[in-house]
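Taking it in order: structure first as structure tokens, then the write-up.
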Amino acid sequence: MCGIVGYLGDKPAYEILVKGLHRLEYRGYDSSGVALVSSDSKLNVYKTRGKVADLERFCEEKDVDGTIGIAHTRWATHGEPNDINAHPHVGRSGNIALVHNGTIENYHVLKEALELEGCTFKSETDTEVLVQLIEYIKEKNNCSLVDAVRGALKEVVGAYAIAVVDTDEPDTMIGARKSSPLVIGIGEGETFLASDATPIIEYTDKVVYLNDDEIAIIRKNEPLQIVNSDNMPAAIDIKTLRMSVSQLEKGGYPHFMLKEIFEQPRTIHDCIRGRVASSGDEVLLSGVTEHKERFLNAHRVVIVACGTSWHAGLIGKRLLQEIARIPVEVEYASEFRYSNPVLTPDDIVIAISQSGETADTLAAIQMARKCGAFVYGICNVIGSSIARATDSGTYIHVGPEIGVASTKAFTGQVTVLTMLALAIGTLKNTISKETRLQIADAIRALPTLISQTLKLNDSIEKLSGIYTYVHNFLYLGRGYNYPSALEGALKLKEISYIHAEGYPAAEMKHGPIALIDHELPTVVIAPDDEMHEKIISNIQQVKARGGSVIAVVTKGDTTIKEIADHVLEIPKVPECVSPVIVSVPLQLLAYHIAIKKGCNVDMPRNLAKSVTVE
Ligand code: G6P
């Protein structure tokens, strides 16, 4: 949460910073701000509540001179989203400015100590405490900015990625991280700092991912230096980005979310490329083959994740149990990390995260590693903290996901989990060759089947008009598609603010059935699978109580067509890959309802894409 950008070079910093903030807006959009060191070494700080576009309006008539600056887009943790709490924060001299992503847990204690020393505070944020502490140390010890930053960070408990500038050292920018991401872009005579690589990619493809407890010292006309908390030089590992600017743009679609839904035939193609051999005989996941013994001998798998990734984990449980015959537990990372879990070196912990930065998932990984478990990551963002903190893993390779509501990452995660189950099942010989070929064929067919399913878009758009103003929705599914119901409901509430509940269809009669009347529509996921007959009776139970039903069915299902109010037909697929196909109409339904309600689907209120705080 929160996005930070920094620039030091010869170009006007403001444009680069604001463009970078737009790229990072998915990380939070409560307020934004920029601090520029002008050519006569003055600090100009502009910040305002609202989105980056509001900041641009605010800065229209302002002096935005300067080739060094830092900027921030905020997702509020400490203090409400207003102009004062917006970043950057400045020290009392007005010379030092700082932007911060993370939380300073001991800020109360630090604040009290600084107040005793005469500091006063304008904002309610933990960040202002940090900048005041830096300034206090700098003045007290008469030291350089970097020494003051290092001294202050030694006092801090919590998570941070920071960027700092100081008019006393107008050619210097300092960055530091602990548990929050920070990437340094190295260009020709210019250096960038950012929460992820997206603000950097159009200027350079050379990046360095800062590690925990490292401090980057960026000075004009000097090579980058990185030191650790003991001031010892750290290695500078320059990586080359494989990302293009076009991946970060809407490509003609009105919203990133719609673009990302429609991209799925290609993203799933990229996800499976080179991994499912055309003979179908082999699934090649290097993360598995390199650790064959671990997978062969594992007693149990524990999946940890949050949000949509947790829903993918629930589908992963079914897949791994059924195909690889291994016991699986699925935990919310936020609960798992505080549950004193019983883990042994024979366990495999699978961490699923689109961003690879979710704080709870990262903490769960650290705990699992301490217990000696083998940790396998399923991430999208290459080089992310989770990707680097795991023993092995598989990238989903679906490209940058910008829409806050996850779509293509979810289908990528489920596809990787299907390949993973197949790879382990093949290793362990828990499935017949026939089943293996059948699942491999189904995986390879996914891009085509998604394309066919996307043709539902127009009819879903029309259908959404009927349900735009309802207050509640129920989503029901069984088996592999019970998690699909949870995910469908989550999509709708995230972007349309309509309350929606996902439930296992058969459990409906133990509670939610009491809610059913003509005002509560129910989405029933009812493809032609083992549970088909049973789910038909669930639909009848809803209809008998006056509820309307939108059913996702397999093409040609005449039985459900007769009882449901609306049917959305998907192609026939084997049960274990059906969640990928089913998710397409559910994504489109949520999207169109939210659009009809006039909601900002790419930046829904109160949410952020990357949750790097607890
Ligand atoms: C946030 C996002 C969700 C996402 C969840 C987990 O809540 O809004 O879309 O599913 O975080 O994120 P991760 O990056 O770990 O998958």
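The values are calculated or read from the model by the stated rules, or taken from the named source; none is laboratory data. These numbers come from a predicted model, not from an experiment. As a convention, Cβ positions derive from the backbone with ideal geometry for all residues, glycine included, and neighbour counts pool all protein chains shown. Only protein heavy atoms, including side chains, enter the accessible area calculation; ligands, DNA and RNA are left aside. Shrake-Rupley method; radii C 1.70, N 1.55, O 1.52, S 1.80 Å.
Details
- Spacing of the modelled spin labels on ALA53 and ASP441, each 7 Å from Cα toward Cβ, amounts to 4.9 nm.
- Couplings 3J(HN,Hα) for region 415-430, derived from phi with the Karplus relation 6.51 cos²θ - 1.76 cosθ + 1.60 (θ = phi - 60°), are 5, 5, 5, 5, 5, 5, 4, 5, 5, 6, x, 5, 4, 8, 6, 9 Hz, where x marks Gly and Pro.
- Between LYS11 and GLN452, the distance separating the two model label sites (each 7 Å from Cα on the Cα→Cβ line) works out to 4.7 nm.
- Shown for region 499-562 is the translational diffusion coefficient from the Stokes-Einstein equation, using the Kirkwood radius over Cα pairs, a temperature of 10 °C and a viscosity of 1.306 mPa s: 132 µm²/s.
- The protection proxy used here, the mean number of other Cβ atoms lying within 10 Å of each residue, ranks peptides 134-146, 365-377, 418-430 as follows, highest first: 418-430, 365-377, 134-146.
- Based on C-alpha pairs under 8 angstrom that are at least 6 apart in sequence, region 378-481 has a relative contact order of 16 percent.
- Cα→Cβ-extended label distance, 7 Å offset, between ARG273 and HIS532, nm: 3.6 nm
- Across region 393-407, coupling constants 3J(HN,Hα) worked out from phi with the 6.51/-1.76/1.60 Karplus curve, θ = phi - 60°, read x, 9, 7, 7, 6, 9, x, x, 9, 9, x, 5, 6, 6, 10 Hz, and Gly and Pro carry x.
- D by Stokes-Einstein for region 196-257, Kirkwood Rh over Cα pairs, 20 °C, 1.002 mPa s: 153 µm²/s.
- For region 261-304, the alpha carbon positions stretch 39, 30, 14 Å along the principal axes, listed from largest to smallest.
- Taking one quarter of the surface of the C-alpha convex hull of region 483-532 gives a mean projected area of 4.0 nm².
- Hydrodynamic analysis of region 272-331 uses the Kirkwood radius over alpha carbon pairs. Inserted into Stokes-Einstein at 37 °C and 0.692 mPa s, it gives a translational diffusion coefficient of 255 µm²/s.
- Our Cα-only numbers for region 2-134 put the radius of gyration and Dmax at 14.2, 42 Å.
- Taking amide H as placed 1.01 Å from N in the peptide plane, VAL567 has its amide H under 5 Å from the amide H of ALA551, each at least 5 places away in sequence or on another chain.
- Segments 465-474, 86-95 sorted - mean Cβ within 10 Å per residue, highest first: 86-95, 465-474
- Here the chain is treated with +1 on each Lys and Arg Cβ and -1 on each Asp and Glu Cβ, and its dipole about the Cα centre works out to around 1500 debye.
- Each peptide in 489-502, 350-363, 35-48, 63-76 gets a packing score, the mean of other Cβ atoms within 10 Å over its residues, and the list from highest to lowest is 350-363, 63-76, 489-502, 35-48.
- Normalised by residue number, the volume inside the convex hull of the Cα atoms of region 379-508 is 161 Å³ per residue.
- Compactness of region 452-605 - radius of gyration and Dmax, Cα, Å: 14.0, 40
- The chain, relative contact order [Cα under 8 Å, separation at least 6], %: 12 percent
- Dipole orientation for region 256-596: of the candidates TYR376, LEU456, ALA359, TYR376 has the Cα lying most toward the positive pole (charges on Cβ; Lys, Arg +1; Asp, Glu -1).
- Rounded to whole Hz, the Karplus (6.51, -1.76, 1.60) HN-Hα couplings of region 324-337, x for glycine and proline: 9, 6, 10, x, 10, 10, 10, 10, 5, 4, 5, 7, 4, 5
- The residue list TYR467, MET419, ALA389 was ranked by how far each Cα lies along the charge dipole of region 383-477 toward its positive end, using unit charges on Cβ atoms, and MET419 comes out on top.
- Range of Cα positions in region 81-176 per principal axis (Å), largest first: 31, 26, 23
- Dipole of region 1-143, positive direction: furthest Cα of VAL5, ASN106, TYR136, with charges on the beta-carbon: VAL5
- All Cα-Cα distances of the chain, cut into 10 Å bins from zero to the largest, leave 3, 17, 25, 24, 17, 10, 4, 0, 0 percent in each bin in turn.
- Residue-averaged 222 nm ellipticity for the chain, from DSSP H runs of 4+ at -39500 (n - 2.57), nearest 500: -11500 deg cm²/dmol
- Principal semi-axes of the equivalent ellipsoid, √(5λ) from the alpha carbon gyration tensor of region 256-596, are 32, 21, 19 Å from largest down.
- Only beta bridges with both residues in region 155-223 are counted; by DSSP, about 95 percent of them are antiparallel.
- Here the chain has 49 percent of its accessible surface on carbon and sulfur atoms, given a 1.4 Å probe and all protein chains in place.
- FRET efficiency estimate (nearest 0.05) - Cβ-Cβ, GLU461 to ARG545, R0 30 angstrom: 0.60
- Dipole in debye (nearest 20) - region 3-244, about Cα centre, beta carbon charges: Lys, Arg +1; Asp, Glu -1: 380 debye
- Taking every DSSP bridge with both residues inside the chain, close to 60 percent are antiparallel.
- For region 15-75, the Rg and Dmax computed from alpha carbons only, in angstrom: 10.9, 34
- Across region 3-244, Cα pairs under 8 Å and at least six residues apart give a relative contact order of 19 percent.
- For region 1-79, the solvent-accessible area with a 1.4 angstrom probe is 35 square angstrom per residue.
- Pairs from the list LYS111/LYS138; LYS239/LYS491; LYS11/LYS259; LYS62/LYS250 with a Cα-Cα gap above 26 Å: LYS239/LYS491; LYS11/LYS259; LYS62/LYS250.
- Between THR120 and LEU427, the C-beta separation translates, for a Förster distance of 51 Å, into a calculated FRET efficiency of about 0.20.
- Per-pair calculated FRET efficiency, R0 = 35 Å: LYS561 and LYS597 via Cβ, rounded to 0.05: 0.80
- Taken about its Cα centre, region 492-556 carries a charge dipole of roughly 160 debye when the Cβ of each Lys and Arg holds +1 and the Cβ of each Asp and Glu holds -1.
- If you wrap the Cα atoms of region 3-244 in a convex hull and average its projected area over all directions, you get 11.6 nm².
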